[in-house]
């Protein structure tokens with residue numbers, strides 16, 4: 001069973017030997033983004049059913065939104081497959097999306113006339129816990145959200 005508890009610094013730590021995780025390679029074909037959203041919702045349902053952490057419907061919808069924005073951007077700006085990993089770590093779900101483009105995304109200033117390029121803004125509005133890493137083979141963006149709103153972590 002996965003159980004998280006706040007550590008002294010207020011972060012969540014894992015007590016499970018192995019966190020629950022799932023990985024998906026997304027080829028970019030029609031329906032790929034909708035499929036990625038379904039993977040996220042199904043993963044959170046399985047996590048709750050099999051391992052017991054409470055997962056709110058709000059978290060499921062926010063995870064679907066984050067997946068949609070990150071996968072859309074990866075498919076739009078990077079050649080090759082997109083890799084998505086979902087993990088339960090303590091009282092949070094981590095959503096990581098990696099692609100082959102090493103260029104790190106930039107947040108643009110607010111512009112009501114701009115069409116598109118709002119994905120990272122949307123993800124950061126949902127959660128301030130976003131990491132962007134350049135990798136040898138591209139980049140990975142990881143967003144973390146609490147399994148229950150207002151819960152630890």
Count - residues of the range 54-72 that are buried (at least 19 other Cβ atoms within 10 Å of the Cβ) and over 14 Å from residue 37 (Cα atoms)
1
Give the residue, chosen from 146, 96, 91, that is crowded, with 19+ Cβ neighbours inside 10 Å and in contact with a helix residue (DSSP H, G or I) (Cβ under 8 Å, 6 or more places away or on another chain).
146
Are there any strands (runs of 3 or more DSSP E) wholly within the range 41-153 with 1 or more residues that are touching a residue at least 60 places away in the same chain (Cβ under 8 Å), and if so which?
82-89, 92-99, 138-146
All positions within the range 130-148 that are touching a strand residue (DSSP E or B) at 6+ places or on another chain (Cβ under 8 Å) and within 18 Å of residue 40 (Cα to Cα)
130, 140, 141, 142, 143, 144, 145, 146, 147
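For every residue, the table says whether it meets (1) in contact with a strand residue (DSSP E or B) (Cβ under 8 Å, 6 or more places away or on another chain); (2) at pLDDT below 95.
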site: 56; (1), (2): no, yes
site: 75; (1), (2): yes, yes
site: 79; (1), (2): no, yes
site: 96; (1), (2): yes, no
site: 104; (1), (2): yes, yes
site: 116; (1), (2): no, yes
site: 122; (1), (2): no, yes
site: 151; (1), (2): no, yes
Selection from the range 1-28 of residues over 20 Å from residue 59 (Cα atoms), in a loop (DSSP other than H, G, I, E, B) and at pLDDT 85 or above yields 27
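The values are calculated or read from the model by the stated rules, or taken from the named source; none is laboratory data. The model shown is predicted, which means the values in this text are computed figures rather than measured ones. Cβ coordinates were reconstructed from backbone atoms using ideal geometry, including for glycine residues, and neighbour counts include every protein chain displayed.
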